[in-house]
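Everything on this sheet refers to the single structure shown next.
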Amino acid sequence: MNFYITTPIYYTNDIPHIGHAYTTIACDIIARYNKLLGNNVFFLTGTDEHGQKVEKAAINSNLKPKEFVDKLSVNFINLIPFLGCEIDDFIRTTEERHIKASQELWKQLEKNNQIYLSNYEGWYSVRDEAFYLENELKKIDGKYVTDNGSPVEWVKEESYFFKLSEWQDKLIDFYENNPESILPKTRYNEVLSFIKGGLKDLSISRTTFNWGVPVPNNSKHVMYVWIDALCNYLTAIGYPDTNNNNYKKFWPATHIVGKDILRFHAVYWPAFLMAAGIELPKRIFAHGWWTNEGKKISKSLGNVIDPYDIINEYGLDQIRFFLFREVPFGNDGDFSKKAIANRINADLSNNFGNLVQRISSFAVKNNDSILKPAENLTNEDQNLINILQNKFDEYCKFMNDQQIDRAIKSVLELISAGNVYVDTQAPWTLKKTNKIRMEEVLYIVTNIIIKSAIMLYPIIPTSSKKILNIFNYNMDNNKFENFTKLINQNIKIDNPEPIFPRILND
């Protein structure tokens, strides 16, 4: 099976922050999981380099827009390997391939009689690159702002419009017949409610600035940044060549986005695609925002979280784990150093790390570093194997639904069951009374450790590989097929090193 996953493309008006890291790691986790399933995966990220906001940031930096975005996009490119993410393509909207694709999409919409020229007058947020109705705004100190505090300005100019209103009923029909196409459910309800509230035709070009993709056959206009930006998902797989091998293999995509840009992805984008005769995305998953120690993250408060700083302080896998274990994926979460320490110490150091350390050390010392497959399983052994089957089934279901936190919880429950099993079976006592049974216990729990490490591999890939190396298990040959069967070969164990050192909590 082919699987295509995308991050949103990130604005090049500033340097990356924890929000960019969060979305990119989420996609990496889902991509790695799909590779374990044996799927052929295409993982896309990139930078959104057009629009008034970018143009203003370039002017403030005394740079030409192209010089500015060339400089900023490098920060996003360099962040990817630092986050331990493995992408297949990085798209920049200033690339020639993307300009060609965007203009072709425009021409297709025009050909299908979906675009007309008129005049636009209304409220516009430069920060959000979005138009707003007055009832969507609130007044603070006598000035209109959006719900997220972005200032708006009154704009009046000639504009091309997309016939969004014509697609209202078709969008409602599609979503009512495909309730899993937007997750979590609260976001699905939000989108459906917005569409049922009535859709107006959408302004899709601007004339008050020129940093954007030129409208075909009318260079006075540049494309509204969202029609340009959203097209990136098609560009990267070869559009407008729909006979391209990647396009045929990978479209439609699964989009992971922040909740603030859900409307663009779940209302405008599907309408553009329908109007152009292109299949709609498989799924749009909208995640929440992070606060820092209970406060909204903002440059003005000086509490922006630099992913480089926080990863250098705590470790890459530790932060990857914390971000997706701490809160349900889709909800808002609070980022605090105390929470990081508590979560890592409890789940990784005390639970998983302790199990790995004590079993591997004991086996090296008391069984010459070799464990043979067990021939006779007791009821206690079978019970633990049944828990493995149950937790693996849960894990796959949750990962398929992008419920990453619940998938992690299922693995941790398996690890906890492994710890209880060891305490109950007490191999340190068995070594004096029944060495054959001692080896069987070690073999069973070692299987649980190896299987848990593989399931956690999408979340903490480096640490998982370190654990598998202790048991000389090559994950590169592993797929989830027959996953819950016990390893039918001798397991050689090396002297362990601590995988998850405890974090000192100030």
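Can you give the calculated 222 nm mean residue ellipticity of the chain, where each DSSP H run of n ≥ 4 adds -39,500 (n - 2.57) and the sum is split over every residue, rounded to the nearest 500 deg cm²/dmol? Each step should come with its number before you reach the end.
Details: 19 runs with 229 residues, N = 506.
Dividing the helical sum by the residues of the chain leaves -14000 deg cm²/dmol.
Rounded to the nearest Hz, the phi-derived 3J(HN,Hα) couplings of region 207-219 under the Karplus curve 6.51 cos²θ - 1.76 cosθ + 1.60 (θ = phi - 60°) are 10, 7, 8, 10, 8, x, 7, x, 5, x, 6, 7, 6, where x marks glycine and proline.
Site-free segments of the chain were taken between GluC sites (Glu not before Pro) in DSSP loops having at most 11 other Cβ atoms within 10 Å, sites themselves excluded; the longest one is 1-278. Full extension of the segment from SER219 to ASN379, taken as 0.36 nm per residue of separation minus the current Cα-Cα distance, would add 50.0 nm.
Could you work out the local net charge near THR45, counting Lys and Arg as +1, Asp and Glu as -1, over the other residues with Cβ closer than 12 Å to its Cβ? Intermediate values should be presented prior to the final figure.
On the way: positive: ARG92; negative: ASP28, ASP48, GLU86, ASP88, ASP89.
Charge balance near THR45 sits at -4.
What number, in percent, do you get for the relative contact order of the chain if the mean sequence gap of Cα pairs under 8 Å and at least 6 apart is divided by its residue count?
Values: 793 pairs, mean separation 76.1, N = 506.
The value is 15 percent.
Centroid-to-centroid, using Cα positions, region 1-74 and region 270-341 are 14 Å apart.
Segment ASP241..SER369, full-extension length gain: 40.4 nm, with 0.36 nm per residue of separation and the alpha-carbon distance subtracted. The trypsin sites (Lys or Arg not before Pro) found in region 409-506 that occupy coil by DSSP, while having at most 13 further C-beta atoms within 10 Å, are LYS479, LYS485, ARG502. Between the C-alpha center of region 353-379 and that of region 160-181 there is a gap of 57 Å. Listed by Cβ neighbour count within 10 Å, with the fewest neighbours leading, THR12, THR254, THR291 appear as THR291, THR254, THR12. For the chain, the longest principal axis of the C-alpha atoms and the axis of helix 435-456 are separated by about 10°. Note on the chain: along the principal axes its Cα atoms extend 89, 49, 39 Å, ordered by decreasing extent.
Around GLU134, under 14 Å between beta carbons, what's the net of Lys plus Arg minus Asp minus Glu among the other residues?
Numbers: positive: LYS138, LYS139, LYS143, LYS200; negative: GLU121, GLU136, ASP147, GLU153.
So the surrounding residues net to 0.
The long axis of helix 65-82 is offset from the longest Cα principal axis of the chain by roughly 10 degrees.
Checking the cross-link pairs LYS365/LYS432; LYS435/LYS485; LYS163/LYS200; LYS170/LYS259; LYS431/LYS465; LYS338/LYS409 against a 18 Å limit on the alpha carbon distance flags LYS435/LYS485; LYS170/LYS259; LYS431/LYS465; LYS338/LYS409 as lying beyond it. Of MET223, MET475, MET438, the sequence from fewest to most neighbouring Cβ atoms within 10 angstrom is MET475, MET438, MET223.
DSSP loop trypsin sites (Lys or Arg not before Pro) in region 176-214 with at most 13 other Cβ atoms within 10 Å of their Cβ, which ones?
On the way: sites: LYS185, ARG187, LYS196, LYS200, ARG206; in loops: LYS200.
In loop regions of region 176-214 (DSSP not H, G, I, E or B), the sparsely surrounded trypsin sites (Lys or Arg not before Pro) are LYS200.
The angle between the Cα long axis of helix 461-470 and the main principal axis of the chain comes to about 20°, on a 0 to 90 degree scale.
Read-outs throughout are calculated quantities, based only on the coordinates presented, and are distinct from any laboratory measurement. Keep in mind it's a predicted model, so treat the numbers as computed, not measured. Reconstructed Cβ throughout: ideal geometry from the backbone, glycine too, with neighbour counts over all protein chains shown.
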